[in-house]
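Comments concern the structure below.
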Amino acid sequence: MHNHAVSSDVPYLFNDVATQAISEVTFIISLPPGVSITQVSASLANISSNGSAIAVEDNNECDSFTSPCHEFATCDNLPGVFECFCKAGFVPEDSLQTRGDLVCLDVDECLESSICDILSSQCTNTPGSYFCDCLVGFEPLLGANDSCSDINECDIDICDHYGEHGKCTNTFGSYFCSCETGYYLHPTTGMCQELLQCTAFKNVKGLVSNLLNDIATNGNASDSE
Ligand SMILES: [Ca+2]
Ligand SMILES: [Ca+2]
């Protein structure tokens, strides 16, 4: 049982009275004492009276070309009224605001540090959503939204310019090229070349070898060397 003080210049809202829907757009209301049809008819059409109850056809405000709700809100038509709800990714600026007053603000998902993996991606906020951009050296992980995986650069022979004795090492977010053991990167050619004992060292080694041979053969070192 409803008991409302109704003033003649305040539109009466249908959600304040008992309604009985008889179709999607037509319903019956029982008017409380003192409420006239003109007071409830502001947003209604095709009103017909049946004694103490009236059958009315709701005016669907949400069907209008310009929504009565905020651009980031959905419109929900109800008997005699409409309601606005913020879309996913938006929150009410003021939780007390309803209907046409409702202003919906974007949620900045990037403020949540765990939303994107900071080691492999960067978060970008968008109206109603966000996305995770993969950092250099990473690529989107197939089948997993917001996730990036390391690119294995070695899969594409990226160190080929080091020559046949170069090798590639993949790392998390990068890679590096180097030479196989026993090879070094020649500063001029930029390719891996075999590490050779230097000529001077080989000469000394030869002299020592000869000396040892002389000692073994003659018991002392020869004067000629
Ligand atoms: Ca957002
Ligand atoms: Ca890598």
Could you give every pair whose Cβ atoms fall below 9 Å, whose first residue belongs to the stretch 121-134 and is within 16 Å of ligand 2 (Cβ to nearest atom), and whose second residue is of a type in the set (D, E, K, R), counting only separations of at least 6 or pairs across chains? SER121/ASP133; SER121/ASP146
Which one of these is within 15 Å of ligand 2 (Cβ to nearest atom) and part of a helix (DSSP H, G or I): CYS154, CYS177? CYS154
Before we move on, is LEU142 open to solvent by 100 Å² or more (accessible area, probe 1.4 Å), modelled with pLDDT under 95 and more than 16 Å from ligand 2 (Cβ to nearest atom)? yes
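Hey, can you tell me all the residues within the stretch 86-114 that are hydrophobic (A, V, I, L, M, F, W, C), at pLDDT 90 or above and open to solvent by 70 Å² or more (accessible area, probe 1.4 Å)?
Quick first cut of the stretch 86-114, residues hydrophobic (A, V, I, L, M, F, W, C) only: 86, 88, 90-91, 96, 102-105, 107, 110-111.
Retained after the next criterion (residues that are at pLDDT 90 or above): 86, 88, 90-91, 103-105, 107, 110-111.
Correct list: ALA88, LEU105, LEU111.
The values are calculated or read from the model by the stated rules, or taken from the named source; none is laboratory data. It should be emphasised that the depicted structure is a prediction, and the values quoted were computed from it without experimental measurement. Every residue, glycine among them, receives a Cβ derived from its backbone with ideal geometry; neighbour counts consider all protein chains shown. All accessible areas refer to the heavy atoms of the entire protein, side chains included, with ligands and DNA or RNA removed. Shrake-Rupley method; radii C 1.70, N 1.55, O 1.52, S 1.80 Å.
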